[in-house]
Amino acid sequence: MELRDRVAVVTGGASGIGRALARRFVAEGARGVVVADLDGAGAEAVAAQIGEERALGLACDVTREADLVDVLARASEAFGPVDLFCANAGIGTGAGLGAADELWDRTLAVNVLAHVSAARLLVPGWIERGEGYFLSTASAAGLVTQIGDAPYAVTKHAAVAFAEWLAITYGDRGVRVSCLCPMAVDTPLLNLGVGALATEVVRAAGAVLSPDEVAGAVVEGLRDERFLILPHPEVLEFVRRKASDYDRWLAGMRRMQAAVARSAPAAGG
């Protein structure tokens, strides 16, 4: 997909990857971008920075289908039918087996079920039009795992699985799907949203990219209509190693967890 003259919605757009995506899409010639976020004021601020003639900022709780319905309607009113939906909102927990049921429910709702709700609202219209694009922001954690954060690892796997299912089920009917799976990105989720162990593991695995670097990878991936968009290309090798010898991969991950756990107190000062 070329972004020129397209209409996009970006959830989680008030900061981090979402904000970078919204800015880059407009720079690439998008006709309009709706920046949607639980932080409505933050979404409005991003839209104002872009310019109100090309962007609209809206408060949106992605776990509420009524909010998604409103965002899509406002997008159509302002710019025209939505061509690209970026299911980018996400949360981390830094929790393991001790995570409360309420935390599991919230993480599942944001990281997975919000994608299902958006697809349910958009896909029938896209099939009728003959085209549409769904971008799922998952994580490398959805392809490998996330040491130190059980709800995040599980729900990001589910996000990848749902994106795969969409691509298989509707790919021959005009619906394109990409799944964004970065490792460390300099965002509030990395710096504030996950636990100490999870943060140290992610930082140890590879370079910390800027949101703008990730947005650049997304634009290239959308242009090529690639399913997996991997801003950290080494993730593909991690997946190959996992698939080729699962037990060896598990042993290696246990060693990484132990090593990072030993160094984490020193790293934190």
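The values are calculated or read from the model by the stated rules, or taken from the named source; none is laboratory data. Owing to the predicted nature of the structure, the values given are computational and were not obtained by experimental measurement. With ideal geometry, Cβ positions are generated from the backbone for all residues, glycine too; neighbour counts draw on all protein chains shown.
Overview of results
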{"item": "The range 229-250, residues that are part of a helix (DSSP H, G or I) and under 25 Å from Thr187 (Cα atoms)", "result": "Glu234, Val235, Leu236, Glu237, Phe238, Val239"}
{"item": "Helices (runs of 4 or more DSSP H) (entirely within the range 1-79) containing at least 1 residues that are hydroxyl-bearing (Ser, Thr, Tyr)", "result": "65-78"}
{"item": "Selection within the range 210-228 - of a type outside the set (Phe, Trp, Tyr) and in contact with a Cys (Cβ under 7 Å, 6 or more places away or on another chain)", "result": "Leu228"}
{"item": "Some residue of the range 25-41 being farther than 23 Å from Glu131 by Cα, buried (at least 18 other Cβ atoms within 10 Å of the Cβ) and not aromatic (Phe, Trp, Tyr)", "result": "yes"}
{"item": "Unmet criterion (only one of (1) closer than 19 Å to Arg226 by Cβ; (2) surrounded by 20 or more Cβ atoms within 10 Å (Cβ to Cβ)) for Gly171", "result": "(2)"}
{"item": "Some residue of the range 94-107 being modelled with pLDDT under 95 and in contact with a Phe, Trp or Tyr (Cβ under 7 Å, 6 or more places away or on another chain)", "result": "no"}
{"item": "Per-region count, the range 5-19, residues within 13 Å of Ser210 (Cβ to Cβ) and crowded, with 24+ Cβ neighbours inside 10 Å", "result": "2"}
{"item": "Of the criteria (1) closer than 29 Å to Leu222 by Cα; (2) exposed (fewer than 15 other Cβ atoms within 10 Å of the Cβ), which one Asp101 fails", "result": "(1)"}
{"item": "Segments classed as helices (runs of 4 or more DSSP H), wholly inside the range 132-228, with at least 1 members that are in contact with a strand residue (DSSP E or B) (Cβ under 9 Å, 6 or more places away or on another chain) and modelled with pLDDT of 95 or more", "result": "150-170, 211-224"}
{"item": "Test: residue in the range 87-105 that is touching a Gly at 6+ places or on another chain (Cβ under 9 Å), within 23 Å of Phe25 (Cβ to Cβ) and either of a type in the set (Phe, Trp, Tyr) or assigned to a helix (DSSP H, G or I) (or both)", "result": "no"}
{"item": "The one condition in (1) farther than 24 Å from Gly221 by Cβ; (2) free of Cβ contacts under 8 Å to residues at least 40 places away in the same chain; (3) touching a helix residue (DSSP H, G or I) at 6+ places or on another chain (Cβ under 9 Å) that Ala55 fails to fulfil", "result": "(1)"}
{"item": "Filtered residue count, the range 66-84, keeping only those that are within 15 Å of Asp5 (Cα to Cα) and either acidic (Asp, Glu) or at pLDDT below 95 (or both)", "result": "1"}
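Residues are listed down the side, and each one gets a yes or a no for (1) over 14 Å from Leu84 (Cα atoms); (2) in contact (Cβ under 8 Å) with a residue 24 or more places away in the chain; (3) crowded, with 22+ Cβ neighbours inside 10 Å:
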position: Ala119; (1), (2), (3): no, yes, yes
position: Phe134; (1), (2), (3): no, yes, yes
position: Asp149; (1), (2), (3): yes, yes, yes
position: Thr155; (1), (2), (3): yes, yes, yes
position: Ala167; (1), (2), (3): yes, yes, no
